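What follows is a short report on a single structure.
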């Protein structure tokens with residue numbers, strides 16, 4: 001404990017701990033293509049437009065799990081309407097919702113559990129900071145890893161997204177630690193940089209291995225190596 005430099009380790013969610021289940025995405029595309037009679041894809045721009053439609057101009061979009069459930073029911077209905085699907089609209093949108101919302105729609109990266117188990121076993125506080133919905137903790141419970149964390153900071157609940165200092169400060173308060181005593185890792189370079197500007201030791205996770213830099217890693221296991229090396233040097 002005397003050699004410990006960091007008290008808490010914070011992780012981004014999507015793209016860092018988890019990734020979208022490709023089988024679920026394939027199911028969605030296949031069903032909508034079948035019902036519409038034409039190929040379906042969901043690029044980022046289309047997703048954002050559907051989110052705007054489903055929000056019905058509400059700010060924020062959701063504050064509770066129940067808000068989120070109703071939001072995504074509207075989201076899938078808007079998705080089908082946008083593809084010109086009118087037959088059995090209610091039934092089909094409900095089918096998509098039941099299959100895709102918080103139903104194994106995300107998977108853990110292979111190294112996630114090992115890294116979390118290592119830090120947990122050494123007594124580190126751990127939290128998640130994510131630009132996401134109220135179901136953040138719920139999705140991690142489904143994946144069996146929520147038990148490793150003692151804070152879940154979602155942009156939808158604090159009213160600000162990364163790299164706004166508001167969300168980082170909310171996460172620090174939840175753990176009762178200072179930024180200077182905390183590590184952070186994110187697969188978005190801008191958000192990792194934002195955390196670092198607040199005083200975190202922050203790493204950009206680029207799983208492609210193409211990015212270079214002293215604060216860039218390509219595998220979560222390198223975070224463990226960084227902490228171990230720091231502790232060895234000070235023994």
When a/c reaches 1.5 or more, the comparison of a/b and b/c decides; with that in mind, is the range 22-100 rounded, prolate or oblate per its Cα gyration tensor? prolate
Gyration tensor (alpha-carbon) shape descriptor, the range 157-235, a/c threshold 1.5: oblate
Cα-based Rg and Dmax for the range 1-66, where Dmax is the largest Cα-Cα distance (Å): 19.0, 65
Projected area of the chain, taken from the Cα convex hull and averaged over every viewing direction, in nm²? 13.5 nm²
Kirkwood Rh for the range 57-189 from C-alpha pairs, in Å, is 16.8 Å
For the range 60-102, the spread of Cα positions along each principal axis, largest first, Å: 31, 20, 12
Express the relative contact order of the range 167-235 as a whole percentage, based on alpha carbon pairs under 8 Å and six or more residues apart in sequence. 21 percent
Where the centroid of each part is defined by its Cα atoms, how far is the range 160-235 from the range 14-88 in Å? 31 Å
Relative contact order (%) - criterion: Cα under 8 Å, at least six apart; region: the chain: 24 percent
What shape does the range 129-176 have by the C-alpha gyration tensor, where a ≥ b ≥ c are the square roots of the eigenvalues, rounded means a/c under 1.5, and otherwise prolate means a/b greater than b/c and oblate the rest? oblate
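Read the figures in this text as sums done on the coordinates, not as results from a lab. Keep in mind it's a predicted model, so treat the numbers as computed, not measured.
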